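The values are calculated or read from the model by the stated rules, or taken from the named source; none is laboratory data. A quick note: this is a predicted structure, and the numbers were derived from the prediction, not measured. The protein model used for the area step is the full one, side chains on, heavy atoms only, and it has no ligands, DNA or RNA in it. Shrake-Rupley method; radii C 1.70, N 1.55, O 1.52, S 1.80 Å.
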Amino acid sequence: KIIRKLDIDTIFKENNEIKLYNLVSKSVIDSYEKIKYYKTLSSSKYLITKKSSGYGVIFLDLSNKPIANEYDYISVASHLVDGILDTSKFIAKKNNNWYILNSDGSLFIESVGEEIVDFNDNYYITYTNNTYHIYDKDKIEYLPGLPKTNVYGVGKYLFILYNRQLFIYENCLNPVLKILEISNYDKFYFNVNENKVDIMVDGKSQETIELS
């Protein structure tokens, strides 16, 4: 059963195995227990793969070497830049420690004992004991007293949601840049376009914010 057709590769399932087949060499490149990916345009042609040894990542466009199948969990953050999913970094878990991996497999954020749920270039966000936390690369926590329903890394900014209020920070040591009221929503995400951020509520743009 064919699962996905690509430029020169096809993914198909056979005998409970998922196989990556190259149409040029007419051979199976590798076999996996599972694969996952977002069905959207992305900055690389990637597949998150699972073998008996764990999760890894392959890049069908050969933009990077594969990330070894040695992790207990791997995901890509929902970071949209000009409508394209940014696959330059991945969130990973191994032996109860969490990491942020660059697409070449090197560590962007080293071992963290709390679940990493999002990040930007300067901060990473964890979720533990029903609470969101914001840290820098030196593991210093910021804004611990600010209530948080959710926290998002959006370009170089942090968007902190509390109920229907949205607080926008760039440097957590400086005052908040903007505070917005958000309408009721089921789905909530952002699309970054240069210095503009579209706030998407239930698939529709509620507001476009220009940030200097």
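Remarks
- Ignoring aspartates and glutamates fewer than eight residues from K196 along the same chain, the ones with Cα atoms less than 16 angstrom from its Cα are D82, E170, E207, E210.
- Checking the cross-link pairs K51/K187; K148/K178; K34/K156 against a 26 Å limit on the alpha carbon distance flags K51/K187; K34/K156 as lying beyond it.
- Taking the 1.4 Å solvent-accessible surface of the range 51-90 as the whole, the part contributed by carbon and sulfur is 53%.
- The translational diffusion coefficient of the range 1-129, from Stokes-Einstein at 25 °C and 0.890 mPa s with a Kirkwood hydrodynamic radius over alpha carbon pairs, comes to 159 µm²/s.
- Å² per residue, accessible surface of the chain at 1.4 Å: 56
- Share of carbon and sulfur in the accessible heavy-atom surface of the range 119-211 [1.4 Å probe, %]: 43
- Residue of T126, T40, T149 that the Gaussian network model of the chain assigns the largest fluctuation, springs spanning Cα pairs under 10 Å: T40
- Taking all protein chains as they are arranged and a probe of 1.4 Å, the heavy atoms of L80 leave approximately 40 Å² accessible to solvent.
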